[in-house]
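Enquirer: Dropping a structure here in structure tokens format, bear with me for questions.
The values are calculated or read from the model by the stated rules, or taken from the named source; none is laboratory data. Given the structure is predicted, the values throughout are model-derived calculations rather than measurements. Here Cβ is always computed from backbone atoms with ideal geometry, including for glycine, and neighbour counts include all displayed protein chains. All accessible areas refer to the heavy atoms of the entire protein, side chains included, with ligands and DNA or RNA removed. Shrake-Rupley method; radii C 1.70, N 1.55, O 1.52, S 1.80 Å.
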Amino acid sequence: MTTSSNNSATALAHTNIALIKYWGKKNADLIIPYTGSLSLTLDQFYTKTQVSFDRQLEQDTLLINEQAVTDKSWQRVHDFLNLVRQQSGITENARVISDNHVPTAAGLASSASAFAALAAAASKASGMDLNERDLSRLARRGSGSACRSIYGGFVEWQRGSDDTDSYAVPIENPNLKDIRIVALTIETHQKPISSRQGMERSVTTSPYYPTWVKVVESDLKEIKSAISQNDFAKFGAISEFNAMRMHALTLSANPDFLYFNGMTLDAMNEVKRLRHAGVECYYTVDAGPNVKVICQTKNVDTIANTFSKILGPEKVTVAKPGPGIKYL
Ligand code: ADP
Ligand code: DP6
């Protein structure tokens, strides 16, 4: 956990897929969620970010995949760096150079790995030496799901009630070690409604939101017991239900919206068909049309081959549980 010069540091964080979704903020400034959530960090998708504080810079600069960024994404990073400056007492502007290692323009959630890597690199470069819990709290302020990418494997974000007690923790001694996620890249365009906007609209307008808060509590309890009992069928079924319950909040919002497209529905039906044919697998879908198929090693080749034939092999990525944050 080293390599920082005095004012520069590089960190690498993997993205995560939520099995029990985070969907709604109780406090939008501090990013305190209404519910806990649970995810799996994935080995195939990651962000590497270098932060250098430099008194010669007139403002913060951001390069993502070698492109200079000056739009809303820059503002989000700048706001986050202000938080780091406030916490560390550093005053210099920063040069941020970031690379997203996800299938090209796949529309896979990148804010989780991006803000976990930024939190680690920026805090280290500013001279703060945060423990993992405080790093998780800091990453949460950039993007809620980022607080879970500090850790590898199965991770729970304990919702807490304020800035001090809302952070992620790894699931101790997890079973289901042979879990695999087959990521299907159905759509490569940026989604029209971001997670941030989508969850806000769901909280404020869906009449079902209070019920979501109740069911997530029991879904979380059940999935943790499935993980400790090595019960894949229960684990997969809860993940699938929970994803559909989240998407029901978009359909019941005003105005309503939907992240699925026709191919999302086709892929979901194919997962069900495989399951009925004895190839056990389940699906989950985040705030976009891409489907992630949850399975075990014994079925991963059959599932990957099936979807490679339908979508083309370049759209199918097999991921394993991935590691937590690393400093380079
Ligand atoms: P959402 O979090 O809205 O579901 P994504 O996870 O795809 O959607 O996050 C996309 C946003 O994350 C981008 O618009 C940008 O603001 C931010 N982001 C993505 N990659 C990086 C990066 N490498 N460095 C800084 N910010 C990033
Ligand atoms: C559907 O973490 O991207 O992926 O906190 O506003 O940055 P912000 O939202 P974000 O939302 C993730 C939503 C989700 C579910 C999840 O990852 O738990």
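Enquirer: Note down the nm distance, to one decimal, between modelled labels 7 Å out along Cα→Cβ at K309 and at N173.
Expert: 4.3
Enquirer: Within the set of other residues whose C-beta is less than 11 Å from the C-beta of N242, count the net charge using Lys and Arg as +1 and Asp and Glu as -1. Could the numbers behind the result be given before it?
Expert: Working: positive: K21, R245; negative: D219, E222, E240.
Net local charge, N242 excluded: -1.
Enquirer: What does the helix-only formula give at 222 nm for the chain: each DSSP H stretch with n ≥ 4 adding -39500 (n - 2.57), the total divided by the residues, and the result rounded to the nearest 500 deg cm²/dmol?
Expert: -12500 deg cm²/dmol
Enquirer: Between M244 and K214, what's the calculated FRET efficiency when r is the beta-carbon distance and R0 is 22 Å? Round to 0.05.
Expert: Numbers: r = 16 Å, r/R0 = 0.72.
Calculated transfer efficiency: 0.90.
Enquirer: By how many degrees, between 0 and 90 and to the nearest 10, does the Cα long axis of helix 232-251 differ from the longest principal axis of the chain?
Expert: 70
Enquirer: Find, to one decimal place in angstroms, the Kirkwood hydrodynamic radius of the range 194-243, where the mean of 1/r is taken over every pair of different Cα atoms and then inverted. Mind dumping the intermediate values first?
Expert: Details: mean 1/r = 0.0827 Å⁻¹.
Over the range 194-243, the inverse of the mean reciprocal pair distance is 12.1 Å.
Enquirer: So, one more: Listed highest first by mean packing, meaning other Cβ atoms within 10 Å per residue, what order do 321-327, 70-76 come in?
Expert: Working: 321-327: 18.7, 70-76: 12.9.
Those peptides, ordered most packed to least, come out 321-327, 70-76.
Enquirer: Express the C-alpha Rg of the chain as a ratio against the empirical globular expectation 2.2 N^0.38 Å, rounded to two decimals.
Expert: Values: Rg = 19.3 Å, N = 328, 2.2 N^0.38 = 19.9 Å.
The value comes to 0.97.
Enquirer: How much accessible area per residue does the range 157-258 have, in Å², with a 1.4 Å probe?
Expert: Values: 5150 Å² over 102 residues.
I get 51 Å² per residue for the range 157-258.
Enquirer: For the range 1-105, what Kirkwood radius comes out of the mean inverse Cα-Cα distance, in Å?
Expert: On the way: mean 1/r = 0.0634 Å⁻¹.
Over the range 1-105, the inverse of the mean reciprocal pair distance is 15.8 Å.
Enquirer: Let me ask something else about it. If amide hydrogens are placed 1.01 Å from N in the peptide plane, which non-local residues have theirs closer than 5 Å to the one on D60?
Expert: Hits under the 5 Å cutoff: A94.
Enquirer: Here's something else I'd like to know. Hey, can you rank 48-55, 224-231 by average C-beta count inside 10 Å, highest first? Please report the intermediate quantities before stating the final value.
Expert: Numbers: 48-55: 20.6, 224-231: 16.6.
So the order, starting with the most tightly packed, is 48-55, 224-231.
Enquirer: From a point 7 Å beyond the Cα of Q56 in the direction of its Cβ, which residues of the range 113-133 have a backbone N at a distance under 20 Å?
Expert: 125-126
Enquirer: Between L258 and K298, what length comes free when the chain is fully extended (0.36 nm per residue of separation minus the Cα-Cα distance, one decimal in nm)? Don't skip to the end; give the middle numbers.
Expert: On the way: separation 40, 0.36 × 40 = 14.40 nm, distance 3.31 nm.
Residue separation times 0.36 nm, minus the Cα-Cα distance, leaves 11.1 nm.
Enquirer: Work through the residues other than N65 whose Cβ is under 13 Å from its Cβ and net out their charges, Lys, Arg +1 and Asp, Glu -1. Please report the intermediate quantities before stating the final value.
Expert: Values: positive: K48; negative: E66, D99.
Residues near N65 contribute -1 overall.
Enquirer: Here are some pairs, K214/K292; K177/K292; K48/K72; K124/K326; which of them have Cα atoms lying more than 23 Å apart in this structure? Each step should come with its number before you reach the end.
Expert: Numbers: K214/K292 25 Å; K177/K292 17 Å; K48/K72 20 Å; K124/K326 12 Å.
Checking Cα-Cα distances, K214/K292 exceed 23 Å.
Enquirer: If I compute solvent accessible area with a 1.4 Å probe over the protein chains, what percent of it on the chain is carbon and sulfur?
Expert: Numbers: 6940 of 14530 Å².
Whole-percent figure for carbon plus sulfur exposure: 48.
Enquirer: Can you compute the charge dipole magnitude of the chain about its Cα centre, using +1 on each Lys and Arg Cβ and -1 on each Asp and Glu Cβ, nothing else charged? Give it in debye, rounded to the nearest 20.
Expert: Values: 35 positive and 33 negative charges, 92 e Å.
Roughly 440 debye, rounded to the nearest 20.
Enquirer: Now, a different point. Output ³J(HN,Hα) for the range 186-202: one whole-Hz value per residue in order, computed from phi by the Karplus curve 6.51 cos²θ - 1.76 cosθ + 1.60 with θ = phi - 60°, and x for Gly and Pro.
Expert: After applying 6.51 cos²θ - 1.76 cosθ + 1.60, I find 7, 10, 10, 7, 5, 5, x, 10, 5, 4, 4, 5, x, 6, 5, 5, 5 Hz.
Enquirer: Here's a follow-up. Which one, A28, A267, A125, has the greatest fluctuation when you compute a Gaussian network model over the chain with C-alpha springs under 10 angstrom?
Expert: Among A28, A267, A125, the largest mean-square fluctuation in the Gaussian network model of the chain belongs to A28.
Enquirer: Moving to a separate point now. I'd like the orientation of helix 297-311 relative to the chain: the angle between its Cα long axis and the longest Cα principal axis, in ° from 0 to 90, rounded to 10.
Expert: 90
Enquirer: Summing +1 for each Lys or Arg and -1 for each Asp or Glu, what net charge is found among the other residues whose Cβ lies under 14 Å from the Cβ of A183? Could you put the intermediate results ahead of the total?
Expert: On the way: positive: R180, K292, K315, K320; negative: D43, E187, D286, E314.
Combined, the nearby Lys, Arg, Asp and Glu give 0.
Enquirer: Just the number, please: percent antiparallel of the DSSP beta bridges in the chain, rounded to the nearest 5.
Expert: Numbers: 51 of 55 bridges.
Bridges in the chain are about 95 percent antiparallel.
Enquirer: Quickly work out the L83-to-D165 label distance, labels modelled 7 Å from Cα along the C-beta direction, and quote it in nm with one decimal.
Expert: Between D165 and L83, the label points sit 2.0 nm apart.
Enquirer: Also, I was wondering about something else. Which ³J(HN,Hα) values in Hz, rounded to whole numbers, follow from the phi angles of the range 217-227 under the Karplus curve 6.51 cos²θ - 1.76 cosθ + 1.60, where θ = phi - 60° and Gly and Pro get x?
Expert: Once rounded to whole Hz, the list reads 4, 6, 4, 5, 4, 5, 5, 5, 6, 5, 5.
Enquirer: Show the residues, 5+ positions off or on another chain, whose built amide H is closer than 5 Å to the amide H of N230.
Expert: Excluding prolines and chain starts, which carry no amide H, the hits are N175, L176.
Enquirer: For the range 209-323, count all C-alpha to C-alpha pairs, find those more than 23 Å apart, and express that count as a whole percent of the total.
Expert: Values: 2272 of 6555 pairs.
Above the 23 Å cut-off, the range 209-323 has 35 percent of its Cα pairs.
Enquirer: Once the principal axes of the Cα atoms of the range 7-174 are found, what is the range along each, listed largest first in whole angstroms?
Expert: In descending order, the Cα extents are 46, 35, 28 Å.
Enquirer: Let me ask you something else. Suppose the chain between Q190 and T70 were pulled fully straight at 0.36 nm per residue; how much longer would it get relative to their current alpha carbon spacing? Before the final figure, lay out the partial values.
Expert: Working: separation 120, 0.36 × 120 = 43.20 nm, distance 1.73 nm.
Here the answer is 41.5 nm.
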